[in-house]
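Here the structure comes first, spelled out in structure tokens, and everything after it is commentary.
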Amino acid sequence: MVPNIVSGEIVGYIAALYTTQDILDVIPGELKSYYRFTLITDNEKLLAISSDRNTPKRAFSNQTSLDIGVLSPNITLRINNYPPPTNLTFRMLIGVVLGLCIFVIWSLWSVLKQMQVRQEAEASLRTETSCRNAMENSTPVGIHAHDMDKRIPMSIALFAR
């Protein structure tokens, strides 16, 4: 209520009557998309609500008492937030870390297999080298090689001189 003053005297009052739902309609839509506003009485009777959307269990809640006047009951404004639906960034980060872990494990397994192949080749080469050395050191007479036509190749003939 606002007094109507003419020439310094109160000639009447101007009163505005709002419903509880009209009070919540004054709240901007952007705020209503992030928060749910509820007007309730002292005995938890619901007077008005800004949205029919339910608030999840993990939503934060805050409330404050609105003292409108002596004749009106004490009204409480409860505000609940709507948390974001999913934390996509966190889930993507977890996915990237798991993918990198799998790649590192696969790389280590691949290196291990390559090392095993190389060790087998080195062991085979050592066996062949020791066999050749044993054969060369055990014969008092030289060894020569020839082809199918019983000819000694030129490289061996030059080496023998």
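Structure above, values below:
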{"read-out": "Restricting segment 25-65 to residues that are at pLDDT below 80 and under 30 Å from the mean Cα position of the chain (by Cα), the residue that is nearest to Asn81 (Cα to Cα)", "value": "Ala59"}
{"read-out": "Residue pairs meeting the criteria (Cβ under 9 Å; at least 6 apart or on separate chains; first on the phi > 0 side of the Ramachandran plot, in segment 38-64; second surrounded by 13 or more Cβ atoms within 10 Å (Cβ to Cβ) and modelled with pLDDT of 80 or more)", "value": "Glu44/Thr76"}
{"read-out": "Residue among Ala157, Ala145 that is over 25 Å from Val26 (Cα atoms), at pLDDT below 90, open to solvent by less than 70 Å² (accessible area, probe 1.4 Å) and in contact with a helix residue (DSSP H, G or I) (Cβ under 8 Å, 6 or more places away or on another chain)", "value": "Ala145"}
{"read-out": "Answer from Asn87, Asn74 - the residue that is more than 25 Å from Asp25 (Cβ to Cβ), modelled with pLDDT under 85 and open to solvent by less than 100 Å² (accessible area, probe 1.4 Å)", "value": "Asn87"}
{"read-out": "Long-range neighbours under 6 Å by Cβ, at least six apart or interchain, first residue closer than 27 Å to Ile49 by Cα within segment 1-24, second at pLDDT below 80 and open to solvent by 80 Å² or more (accessible area, probe 1.4 Å)", "value": "Ala15/Met1"}
{"read-out": "Counted residues, segment 7-62 - those being charged (D, E, K, R), open to solvent by less than 100 Å² (accessible area, probe 1.4 Å) and in contact with a Phe, Trp or Tyr (Cβ under 8 Å, 6 or more places away or on another chain)", "value": "1"}
{"read-out": "Residue in segment 38-50 that is in a loop (DSSP other than H, G, I, E, B) and of a type in the set (Gly, Ala, Ser) present", "value": "yes"}
{"read-out": "Test: residue in segment 6-24 that is modelled with pLDDT of 85 or more, among the small types (Gly, Ala, Ser) and part of a loop (DSSP other than H, G, I, E, B)", "value": "yes"}
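The values are calculated or read from the model by the stated rules, or taken from the named source; none is laboratory data. This is a predicted model, so every value here is computed, not measured. Every residue, glycine as well, gets a Cβ built from its backbone with ideal geometry; the counts of neighbours run over all protein chains shown. Accessible surface areas use protein heavy atoms only, side chains included; no ligands, DNA or RNA. Shrake-Rupley method; radii C 1.70, N 1.55, O 1.52, S 1.80 Å.
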